[in-house]
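A.B. asks: Just dropping this structure here.
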Amino acid sequence: MDCLFCKIIAGDIPSDIVNEDEKLIAFRDINPQAPTHVLIIPRQHIATLNHLDVDDGELIGHMTLSATTLAKEMGIADSGYRLVWNCNREGGQDVFHIHLHLLGGRTMHWPPG
Ligand code: AMP
Ligand code: ZN
């Protein structure tokens, strides 16, 4: 499968991994939009949020808790951070393997661009 994030999971493309377990890996974004910018991705290939089904609730919860744990470990939990899921073109999704952005280390603005 021609998926960039599946290649990162397989180790075919190098990445700066900050956490991994049997369900997910977390690595630093190559083009960070904040001082801390980590992507949390499932090992399972799921193209978009629209492809999730009810059985994926545990996985999504696990990814969210992984992000909040990383926020604490990276020292941005108290100052604040943002978790972002982009879906499809108008949502700003460029890589079609779902991923949760963890962004922090600066003030975030609202509404997002
Ligand atoms: P999205 O626009 O939500 O699909 O986010 C995709 C993210 O993947 C972007 O923030 C990119 O900077 C990031 N990205 C693309 N290629 C790599 C890579 N090889 N290693 C780490 N992050 C990447
Ligand atoms: Zn994939």
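A.B. asks: Could you grab the pairs with beta carbons closer than 9 Å, sequence gap of 6+ or different chains, first residue in the stretch 100-113 and of a type in the set (D, E, K, R), second one outside any loop (DSSP other than H, G, I, E, B)?
C.D. replies: 106/36
A.B. asks: Scan the stretch 6-22 and give yes if some residue there is in contact (Cβ under 8 Å) with a residue 60 or more places away in the chain and more than 26 Å from residue 106 (Cβ to Cβ), otherwise no.
C.D. replies: Of the residues in the stretch 6-22, the ones in contact (Cβ under 8 Å) with a residue 60 or more places away in the chain are 6.
Add one more test, that the residue is more than 26 Å from residue 106 (Cβ to Cβ), and what stays is 6.
Within the stretch 6-22, one or more residues are in contact (Cβ under 8 Å) with a residue 60 or more places away in the chain and more than 26 Å from residue 106 (Cβ to Cβ).
A.B. asks: Exactly one of these conditions fails for residue 5: (1) hydrophobic (A, V, I, L, M, F, W, C); (2) under 24 Å from residue 112 (Cα atoms); (3) under 12 Å from the mean Cα position of the chain (by Cα). Give me its number.
C.D. replies: (2)
A.B. asks: Restricting the stretch 1-19 to residues that are loosely packed, with under 14 Cβ neighbours inside 10 Å and among the charged types (D, E, K, R), which is nearest to residue 47 (Cα to Cα)?
C.D. replies: Out of the qualifying residues, it is 2.
A.B. asks: Right, here's the next one. Identify, by number, the condition in (1) in a strand (DSSP E or B); (2) surrounded by fewer than 17 Cβ atoms within 10 Å (Cβ to Cβ) that residue 40 doesn't meet.
C.D. replies: Exception for residue 40: condition (2).
A.B. asks: Determine, yes or no, whether residue 60 is surrounded by fewer than 17 Cβ atoms within 10 Å (Cβ to Cβ), modelled with pLDDT of 95 or more and under 24 Å from residue 90 (Cα atoms). Walk me through it before giving the result.
C.D. replies: Details: surrounded by fewer than 17 Cβ atoms within 10 Å (Cβ to Cβ): yes; modelled with pLDDT of 95 or more: yes; under 24 Å from residue 90 (Cα atoms): yes.
In short, yes.
A.B. asks: Here is a further query. Given the conditions (1) within 15 Å of ligand 1 (Cβ to nearest atom); (2) part of a helix (DSSP H, G or I), which single one is not true for residue 98?
C.D. replies: Evaluating residue 98 over (1) within 15 Å of ligand 1 (Cβ to nearest atom); (2) part of a helix (DSSP H, G or I) leaves (2) as the failure.
The values are calculated or read from the model by the stated rules, or taken from the named source; none is laboratory data. Fair warning: this is a prediction, and the values are worked out from it, not measured in the lab. When we count neighbours, we look across all protein chains shown, and the Cβ atoms used for this are built from the backbone with ideal geometry, even at glycine.
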